[in-house]
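Read through the structure below, which is laid out as structure tokens, and then see the notes.
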Amino acid sequence: MHLGPGPFRCREKRRPELCRATVLRGLQPAPASGRPLPVVGKRSPTQGNAYSFEERFVDRRFPVISVVIPVVCDASKGLSTCLDALERQTMPRGEYEIIVVNDGPVDITVEIIANRHGVTFLSQSRRGAAAARNLGARHARGEILLFTDADCIPKSNWIEAMIAPFADQEVVGVCGVVRTRQTGLIPRFIQLEYDYRYRNIAKRSRIDFINTGTAGYRKQVFAESGGFQEALLGAEDAEFSFRLANRGYKMVFAPEAVVYHRHPESILEYARRKAHYGYWRMVIYHKHPHKAVADSRTPQTQKIQIGLLFLLIAAIIGSIFWRGFVWLIGGLTLSFLLASLPFWWWVLRRDLQAGLFVPLLLLVSTASVGAGMIAGLTYEWMRRFKGTDRH
């Protein structure tokens, strides 16, 4: 188990118990009848990546980890598959609990699925994913909170890979990896976007963004920090991550903690998701303005492209009144393509077909994010004008 800078990778493939983080320090010893924990590895300060070993007793009546799954909209379609995957984890089943939170009208299907899998079932009335996750966290008994979504399928080692970084007592948050098994052009391109970001954050010893599709937090810090902002209907994971980073908390990337997800398959759905992302990003930038300049998730080239696109639109409008803007349009278009080159070349080397569509898909992505940001900025101005603050 690597505990140095950068992402965490378990190096003990043949002994999975060594991948289990020492997250039990704060638990009270069990009675004399309690069962001993499996031997787990703990890095010794003087031994680099070597292990020192110890046995502990823990009260087995309480799980160490709580997995919270919000079910919103029509996400219940994938819930059974998600729960099946969580029941086939390499982590012993007695060491984690699963909490399903239904958000919306009473859905007997969700409750039946939850009961069939023997997990905790909670329900609330259309308050959003952030509120659903907070409700699950309040009912959680574990010291470590893990979050995933009902339409995600965790890999069999997901829980162990997610909790491994918590062996470092400074770590309060962990971000895993989202992948897809889809073969369509749009899903493949979206996955390449994810992988390009992962390539960048894997170089960092600290990150400032955790995706709630595969997220982990220390419960105490989660509660003390107020959990997710329930007024946000999007980007609540980014806002909470920024809040933790602002307080100096350490969050890290765990590349072996993988969940599989279904990405949008049509260009219209892709554009809608990007616009939703841009809208709520602008809303949270109001609370964390310094993150509009740089954060660990968003490539700087994307922000440059958005700025260039805004200028390009202004130049096109200006060309109606003065022909000199035509030269500016050409220069801005060339600049947009040049800003796309690093990602374009990276995609071409991995997926030639997707690479051929990079200019078009980046234009759709940038335009959609930009439109969403304009809508979000308009919302913030209107909110300020009315003197209200829901966030």
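Derivation of every value follows stated rules applied to the coordinates shown; laboratory data play no part. Here the structure is a predicted model, which is why all the values come from computation and not from measurement. As a convention, Cβ positions derive from the backbone with ideal geometry for all residues, glycine included, and neighbour counts pool all protein chains shown.
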Item to check | Order of Leu146, Leu338 under a 10 Å beta carbon neighbour criterion, fewest first | outcome: Leu338, Leu146
Checklist entry - How big, in percent, is the set of alpha carbon pairs in segment 227-306 lying more than 21 Å apart? => result 40
Checklist entry - For segment 65-265, what is the percent of antiparallel DSSP beta bridges, rounded to the nearest 5? => result 30
Item to check | segment 132-197: trypsin sites (Lys or Arg not before Pro) in DSSP coil with no more than 15 other Cβ atoms inside 10 Å | outcome: Arg141, Arg181
Item to check | Mean Cβ count within 10 Å, highest first, over the residues of peptides 167-175, 297-305 | outcome: 167-175, 297-305
Next on the checklist: With every atom except the alpha carbons ignored, what do you get for Rg and Dmax of segment 280-330, in angstroms?
Outcome noted: 14.8, 41
Next on the checklist: Looking at segment 65-265, I'd like the Rg to Rh ratio, where Rg is from alpha-carbon atoms and Rh is Kirkwood's inverse mean 1/r.
Outcome noted: 0.94
Checklist entry - With the contact rule set at Cα under 8 Å and sequence spacing of 6 or more, what percent relative contact order holds for segment 65-265? => result 28
Item to check | Rg [Å, one decimal], Dmax [Å, integer] - segment 266-391, C-alpha atoms | outcome: 16.4, 51
Checklist entry - By counting other Cβ atoms within 10 Å of each Cβ, how are His139, His290, His117, His263 ranked from fewest to most? => result His290, His139, His117, His263
Item to check | Cα-Cα over 28 Å, subset of Lys250/Lys287; Lys219/Lys386; Lys155/Lys219; Lys219/Lys274; Lys250/Lys386; Lys77/Lys303 | outcome: Lys219/Lys386; Lys219/Lys274; Lys250/Lys386; Lys77/Lys303
